[in-house]
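Okay, so here's the structure we're looking at.
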């Protein structure tokens, strides 16, 4: 008995698949609940959009796709030797997108060039819309409570409050802002004067918003990528290179002299110096997180402690430092240390492969935009447990599945057009 679906079903699902992606992109910054619903719709349409034989063919063509289900399999193994099964199940629930996106979305009917351009446009538009919404809500809050607007530009306020109205952590919003900025820069159509003016204004706005977010790793990534692009992207003369480098230096000086960035980096630098001198009481929080995570790893470096038990050991370390009340339930703030502590060297190896393999392939095919995207994820994981939080997991798995299933082998994607 045949179980093949009618062609009408496949065609309908293929036609509706891009719209479910657009819905996910619009909802992602604002609502976890509705974004999750759109993901379920997206995956269902991906499942129905083409026959099983076509899915198997796509999976065979992009073997790296199976790294992500393998990562989830390692998490499952880590649950088996966890004592705190309830916390372990919570981690498994968050990581389910490592199965859903690669298996159902990446193997779906391949998106056409128009859909890919629309995804890029929506990324920029949604990021700008979310940024404007955050700024407006903060201005209204200041006005209603008669707070001086000078406080808006202080690092204590900006980093802690700027994105609270959409519930997106500043570092995660910084990652999205970076993706939007470089998508517009590399794929925007700058062939006409009006486009140059409009796109230039949007790029400037995104850069200023990135500064206001106060995410240190976001600014570091921005200037590293900008400097690299200055040397490799459409470089025609030495004079052009000098102009680019000079512009980057001016942006760096301008950013560093804002109160948000100056004090964020100064406090981090002072914290590292204090930690190196043995003064844990004055150390930067991240050095404390990393130190405790390293201690947990040393207790079981080969297989880890299980995905459900590491947090209890981190809390025990914080208690030993006399900082439990302020650091209780804080993670390692480093994806690599966190997964090493949970599932050992195997988990660390799979995590690195998941992050590095698309970066390597995109560099190999000279796809600058996706090279930057995967470099952003790789770098953010140095300071955040990006793949432990739902919004981090969904963003990474969506981009990775989009690349392996719909962009791979396409070396010249189209430009964005207004």
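Values in this text are rule-based calculations from the coordinates and carry no lab data. In this text, all values refer to a predicted model and were calculated from it rather than measured experimentally. FYI the Cβ positions are ideal-geometry reconstructions off the backbone, even for glycines, and counts take in every protein chain you see.
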field: Efficiency of FRET from Cβ geometry, residue 81 and residue 315, R₀ 22 Å, rounded to 0.05
entry: 0.70
Inter-probe distance in nm under a simple model that places probes 7 Å from Cα toward Cβ, at residue 44 and residue 99: 1.8
task: For a label point 7 Å from the Cα of residue 5 along Cα→C-beta, name the residues of segment 89-104 whose backbone N is under 14 Å from it.
output: 104
message: Kirkwood hydrodynamic radius, computed over distinct alpha-carbon pairs, for segment 68-128: how many Å, to one decimal?
response: 14.1
query: How are the C-alpha pair distances of the chain spread across 20 Å bins, as whole percents from the shortest bin up?
result: 24, 57, 19, 1
message: Highest mean first, how do 21-28, 373-380 rank when packing is the count of other Cβ atoms within 10 Å averaged over residues?
response: 373-380, 21-28
- request: Give me the number: length gained by fully extending residue 195 to residue 223, i.e. 0.36 nm times residue separation minus the C-alpha to C-alpha distance, one decimal in nm.
  value: 7.7 nm
- prompt: When the chain is fully extended, how far beyond the present Cα-Cα distance does residue 250 get from residue 89, taking 0.36 nm per residue of separation?
  reply: 53.1 nm
- prompt: What FRET efficiency, computed as 1/(1 + (r/R0)^6) with R0 = 30 Å and r the Cβ-Cβ distance, is obtained for residue 241 and residue 117, rounded to the nearest 0.05?
  reply: 0.50
- request: Could you check which residue among 134, 385, 354 shows the biggest mean-square fluctuation in a GNM of the chain with a 10 Å Cα cutoff?
  value: 134
task: Give the residues of segment 94-131 whose amide nitrogen is closer than 18 Å to a point set 7 Å from the Cα of residue 147 in the direction of its Cβ.
output: 131
- prompt: For segment 282-398, taking Cα atoms only, what is the radius of gyration to one decimal and the Dmax to the nearest whole Å?
  reply: 15.4, 51
message: If packing is taken as the average number of other Cβ atoms within 10 Å across a peptide's residues, how do 45-57, 388-400 rank, most packed first?
response: 388-400, 45-57
statement: Under the rule rounded for a/c under 1.5, else prolate if a/b exceeds b/c, else oblate, using alpha carbon gyration tensor axes a ≥ b ≥ c, segment 1-49 is classed as prolate
